[in-house]
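A quick write-up on the structure given underneath.
The values are calculated or read from the model by the stated rules, or taken from the named source; none is laboratory data. The structure displayed is predicted, hence computed values, not measured ones. Positions of Cβ are generated from backbone atoms using ideal geometry, with glycine treated the same way; all protein chains shown enter the neighbour counts. Note: accessible area is taken over every heavy atom of the protein model, side chains too, but ligands, DNA and RNA are not part of it. Shrake-Rupley method; radii C 1.70, N 1.55, O 1.52, S 1.80 Å.
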Amino acid sequence: MKVKATSFDIAHRAGVSQSTVSRALRDSPLVNQETRDKIKAIAQELNYKVDKNASNLRQQQSRTLALLLFEDPTTDDSLINPFFLSMLGSITRASAQAGYDLLVSFQNLSDDWHADYEDTNKADGIILLGYGDYVDYRDKLSKLEEQETHFIRWGAPDEEHPGVSIGCDNFQGGFDITRHLISIGHKTFAFLGGADKHAPEFMARYQGHCKAIKSEGLPLDSTRHVDAISTEESGYSAVESLLPDIESINAFFCASDLIAVGAMQALRDNNVKVPDDVAVVGYDNIPVSRFTDPALTTVAQDTMLAGEALVKNLLLQINGEKPPAQLMPVNLVLRKSCGRT
């Protein structure tokens with residue numbers, strides 16, 4: 001009896017993956033036209049017929065959501081930013097309350113990672129936490145949209161990708177914390193964190209910082225900017241680069257609590273007292289910020305509400321609705337690291 005050809009046979013002949021064959025046969029724009037034509041010609045030669053029952057099965061809902069985390073550099077083995085860990089419980093509970101299982105994994109940055117979940121029916125929608133370099137990441141978002149994948153991400157709004165993001169009001173957070181520092185007497189600053197299109201959340205915090213400086217009548221040259229990624233080591237190195245001019249700085253605004261933890265250690269190692277000699281503030285209100293010495297003043301994002309909103313708006317997409325992008329409010333958490341409160 002002649003054996004019926006499968007999509008794996010086509011993949012072997014074409015020198016591509018089975019998922020590429022699947023996308024090519026449904027004319028996905030993620031596969032270039034030349035490859036699509038080649039795959040269709042092989043399928044015709046092998047007299048391959050799409051199994052409509054299997055195709056319909058793949059289109060059924062799995063009642064599972066996928067939470068994909070970006071691998072961040074960390075001082076432990078988790079490779080997960082602690083801010084996102086604090087959001088995990090809320091996402092898990094919200095998924096369970098909606099009757100969905102939650103699949104937690106890391107983002108795979110291979111060419112096909114963005115399509116794997118739809119092709120294999122692993123999940124009905126994807127929640128993305130973290131992104132690394134956003135300039136590189138935007139191409140992945142575009143491919144998800146072309147694939148018509150249901151997804152939502154935690155991050156800054158992006159005009160090119162409307163309706164798929166939830167984040168906090170980073171501009172307002174940067175403005176509020178800087179205005180507070182000015183109100184208690186600080187007049188010269190250093191901002192530690194990337195502030196360009198590669199890190200849009202940090203950039204919004206920096207823009208809010210600068211706006212507060214201007215609105216309070218201080219010159220913009222009263223702040224210095226040093227690039228840093230969200231790690232303790234990067235915060236430590238950023239402070240070291242400023243030590244020759246440390247006496248001219250009243251306060252450090254760190255774009256994340258992790259940067260602030262490293263900055264405070266560098267100051268301590270160089271006999272600079274916080275807050276007596278210089279103030280330090282962070283952003284995120286991760287659990288460790290309560291236990292630094294002194295306790296860290298920071299900007300809090302509501303991770304409980306964030307997790308619930310991510311799940312709610314992803315389910316709206318799955319059910320055929322288009323949720324709006326959402327900016328959540330932030331709150332200052334005043335502790336001893338900035339001196340007078």
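Being open to solvent by 20 Å² or more (accessible area, probe 1.4 Å) and under 25 Å from I286 (Cβ atoms) is the filter; apply it to the stretch 185-196 and report the residue that is farthest from the chain's Cα centre (by Cα).
H186
Hey, S215 hits all of (1) of a type in the set (S, T, N, Q); (2) surrounded by 15 or more Cβ atoms within 10 Å (Cβ to Cβ); (3) more than 16 Å from the chain's Cα centre (by Cα) but one; which does it fall short on?
Unmet for S215, out of (1) of a type in the set (S, T, N, Q); (2) surrounded by 15 or more Cβ atoms within 10 Å (Cβ to Cβ); (3) more than 16 Å from the chain's Cα centre (by Cα): (2).
Starting from the stretch 12-25, keep only residues that are closer than 11 Å to I42 by Cα, then list their pairs with residues that are surrounded by fewer than 18 Cβ atoms within 10 Å (Cβ to Cβ) and hydroxyl-bearing (S, T, Y) whose Cβ atoms are within a distance under 9 Å, requiring at least 6 positions of separation or different chains.
Taking only residues 6 or more apart or on different chains, the pairs are A14/T35.
Tell me which of these A263 doesn't satisfy, since it passes every other one: (1) touching a Pro at 6+ places or on another chain (Cβ under 6 Å); (2) surrounded by 24 or more Cβ atoms within 10 Å (Cβ to Cβ); (3) of a type in the set (A, V, I, L, M, F, W, C).
Condition not satisfied by A263: (1).
Which pairs do you get when a residue that is under 15 Å from V31 (Cα atoms), found in the stretch 135-160, comes within reach of a residue that is assigned to a helix (DSSP H, G or I) and among the small types (G, A, S), reach meaning Cβ atoms under 6 angstrom, with the pair 6+ apart or on two chains?
Q147/A115
In the list V299, V274, which residue meets the criterion of being surrounded by 20 or more Cβ atoms within 10 Å (Cβ to Cβ) and either on the phi > 0 side of the Ramachandran plot or part of a loop (DSSP other than H, G, I, E, B) (or both)?
Going through V299, V274 in turn, just one is surrounded by 20 or more Cβ atoms within 10 Å (Cβ to Cβ) and either on the phi > 0 side of the Ramachandran plot or part of a loop (DSSP other than H, G, I, E, B) (or both): V274.
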